[in-house]
Amino acid sequence: MTTDVRMIQLLMELRRQGVSDTSVLSALEMTPRAMFVPDIFADRAYDNSALPIAGGQTISQPFVVAFMTAALEVKENLRVLEVGTGSGYQTAILSRLAKRVYTVERIPELATAAQECFRRLMLFNIDVRVSDGTRGWPGQAPFDRIIVTAAARESPPEELLNQLCIKGLMVIPIDRGGHGQVLVRMKRTAQGFQSTNLLPVKFVPLLEGVAKSDGEAG
């Protein structure tokens with residue numbers, strides 16, 4: 001079975017799961033997921049499932065990537081902050097929809113590998129920074145959209161909320177403890193924040209600090 005056929009089958013499956021945003025589906029179609037998965041999982045690159053990557057992390061399930069991207073309502077004139085570059089797959093998809101993507105990763109090896117993928121795909125509207133993602137990217141704030149690909153404990157970090165512009169959207173997994181994780185969309189208004197629960201998810205935890213070169217992932 002060719003990669004093209006597997007991609008078509010994946011897109012059909014995502015449609016059946018309720019992903020209907022054509023711009024999001026087109027961005028997925030243009031982004032070869034196989035480039036972002038370890039060679040050992042190459043034959044599963046177009047499965048609709050999460051896969052392990054370096055540093056104890058995962059590349060998210062395509063459905064979750066598509067769902068989060070659609071929920072973020074990205075437009076071509078918007079600036080997006082991504083917390084948790086990981087493999088770079090989500091970043092690459094966002095870059096096809098947004099004006100510019102600023103992505104923060106706490107594991108240096110992941111950031112380096114992702115940058116190489118962006119270079120090979122000729123995606124030049126992405127800025128990568130190795131830093132503590134819980135602190136966002138203050139020097140480039142405010143952002144029109146913020147997406148977090150690791151689960152915050154109980155609530156989004158205040159520093160991230162403060163970097164969201166008025167009318168901006170944030171999509172973030174929140175760990176409710178014994179109640180599991182839920183994907184939440186936050187909208188900033190002049191009066192504060194409006195929160196909407198979207199669906200149950202399972203992400204690695206959002207950790208503070210920067211990992212050592214051979215350290216634990218975040």
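Of all residues assigned to region 16-28, at least one qualifies as being farther than 18 Å from Thr91 by Cα, surrounded by 14 or more Cβ atoms within 10 Å (Cβ to Cβ) and either aromatic (Phe, Trp, Tyr) or in contact (Cβ under 8 Å) with a residue 24 or more places away in the chain (or both). Looking only at residues in region 154-176 that are in a strand (DSSP E or B) and either more than 15 Å from the chain's Cα centre (by Cα) or of a type in the set (Gly, Ala, Ser) (or both), the one that is nearest to Leu81 (Cα to Cα) is Leu164.
Restricting attention to region 98-134, the residues that are within 13 Å of the chain's Cα centre (by Cα) and among the aromatic types (Phe, Trp, Tyr) total 1.
Being within 18 Å of Val130 (Cβ to Cβ) and in contact with a Pro (Cβ under 9 Å, 6 or more places away or on another chain) is the filter; apply it to region 51-80 and report the residue that is surrounded by the fewest Cβ atoms within 10 Å (Cβ to Cβ). So the residue we want is Ala54.
If I filter region 79-134 down to residues being without any contact (Cβ under 8 Å) to a residue 40 or more places away in the chain and of a type in the set (D, E, K, R), which single residue comes out as nearest to Gln57 (Cα to Cα)? So the residue we want is Glu105. When the helices (runs of 4 or more DSSP H) confined to region 1-107 are screened for residues that are in contact with a strand residue (DSSP E or B) (Cβ under 9 Å, 6 or more places away or on another chain), those reaching at least 3 such residues are found at 62-72, 89-95. Taking the criterion of being in a loop (DSSP other than H, G, I, E, B) and farther than 17 Å from Gly168 by Cα, the residues of region 131-147 that qualify are Ser131, Asp132. Residues that are farther than 18 Å from Val74 by Cβ and β-branched (Val, Ile, Thr) within region 164-196 comprise Ile174, Val182, Thr189, listed in sequence order. Within region 108-124, the set of residues being touching a strand residue (DSSP E or B) at 6+ places or on another chain (Cβ under 6 Å) and either among the hydrophobic types (A, V, I, L, M, F, W, C) or farther than 16 Å from Tyr89 by Cβ (or both) comprises Pro108, Ala111, Phe118. The selection criterion, being in contact with a Gly (Cβ under 7 Å, 6 or more places away or on another chain) and under 22 Å from Phe63 (Cα atoms), does not hold for Thr196.
Checked against (1) in contact with a Leu (Cβ under 9 Å, 6 or more places away or on another chain); (2) of a type in the set (D, E, K, R); (3) more than 22 Å from Glu73 (Cβ to Cβ), Lys212 meets all criteria but (1). When Ala50, Ala66, Ala70 are checked against the criterion of being closer than 13 Å to Ile147 by Cα and either more than 11 Å from the chain's Cα centre (by Cα) or modelled with pLDDT under 95 (or both), Ala70 stands alone in meeting it. Flag set for Leu198, criterion: touching a residue at least 40 places away in the same chain (Cβ under 8 Å) and not in a loop (DSSP other than H, G, I, E, B).
Among all positions in region 203-217, there is no residue which is modelled with pLDDT of 95 or more and charged (D, E, K, R). Return the total of residues in region 185-195 being out of contact with any Lys or Arg (no Cβ under 9 Å at 6 or more places or on another chain), free of Cβ contacts under 8 Å to residues at least 60 places away in the same chain, in a strand (DSSP E or B) and over 17 Å from Gly136 (Cβ atoms). The total comes to 1.
The values are calculated or read from the model by the stated rules, or taken from the named source; none is laboratory data. Here the structure is a predicted model, which is why all the values come from computation and not from measurement. Methodologically, a virtual Cβ is constructed for each residue, glycine included, from the backbone with ideal geometry; neighbour enumeration extends over all protein chains shown.
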